[in-house]
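To start, the structure under review is shown below, and the notes come after it.
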Amino acid sequence: MGKYLRADLRYANWWVGIVAVALFLVLLGCLTTFESGPPWPARWDKTLHALSYMILMVLCCGIYAKSARIPIIISLFLFGATIELVQLYASGRGAEWGDVLANFIGLVAGFFIAQFWLGDWCLRLEKFLRLQ
């Protein structure tokens, strides 16, 4: 995805690092097992999936060019689907089609948020902080 990185960002590599940390945290959250169940109510599971992937999508759209939005959505979808496949073999975890659907809904919501509102949030933040 390096060819899609925005040229107008001064700290693009730092932003990529932040996205990498966010991806790791999502991975960690999805593969962590809890002895007595997760610390949130069960009904929040799908909401957390959707919010996580919506945030990932907006983060990625801020540092990559608009032409990368479809590859981003595909890559993040495959990331989430792969996690669900890994959960088939992780003790104490289970894979669910509902999680994949919630991830996809979050990605679509993030796509529209980026497209019509927060798409260049990194550039705006750099300018606001006078880093440009």
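Observations on the structure shown:
- Of all the residues in region 1-42, those that are at pLDDT below 80, within 17 Å of residue 83 (Cα to Cα) and either in a helix (DSSP H, G or I) or under 20 Å from the mean Cα position of the chain (by Cα) (or both) number 3.
- Cross-chain or 6+ apart pairs with Cβ under 8 Å, region 1-29 first and among the hydrophobic types (A, V, I, L, M, F, W, C), then in a loop (DSSP other than H, G, I, E, B): 5/65; 12/6; 15/9
Yes or no, residue by residue, for (1) modelled with pLDDT of 90 or more; (2) more than 16 Å from residue 5 (Cα to Cα); (3) crowded, with 18+ Cβ neighbours inside 10 Å; (4) basic (Lys, Arg):
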| position | (1), (2), (3), (4) |
| --- | --- |
| 64 | no, no, yes, no |
| 74 | yes, yes, no, no |
| 93 | no, yes, no, yes |
| 102 | yes, yes, yes, no |
| 107 | yes, yes, yes, no |
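- Residues satisfying the stated conditions in region 97-132, i.e. assigned to a loop (DSSP other than H, G, I, E, B) and either touching a residue at least 12 places away in the same chain (Cβ under 8 Å) or of a type in the set (S, T, N, Q) (or both): 119, 120, 131, 132
- Selection count where residues are polar (S, T, N, Q) and at pLDDT 90 or above, scope region 76-91: 1
- Residue 48 surrounded by 15 or more Cβ atoms within 10 Å (Cβ to Cβ), at pLDDT 85 or above and under 21 Å from residue 13 (Cα atoms): no
The values are calculated or read from the model by the stated rules, or taken from the named source; none is laboratory data. Source: prediction; values computed, not measured. Neighbour counts run over all protein chains shown; Cβ positions are idealised from the backbone, glycine included.
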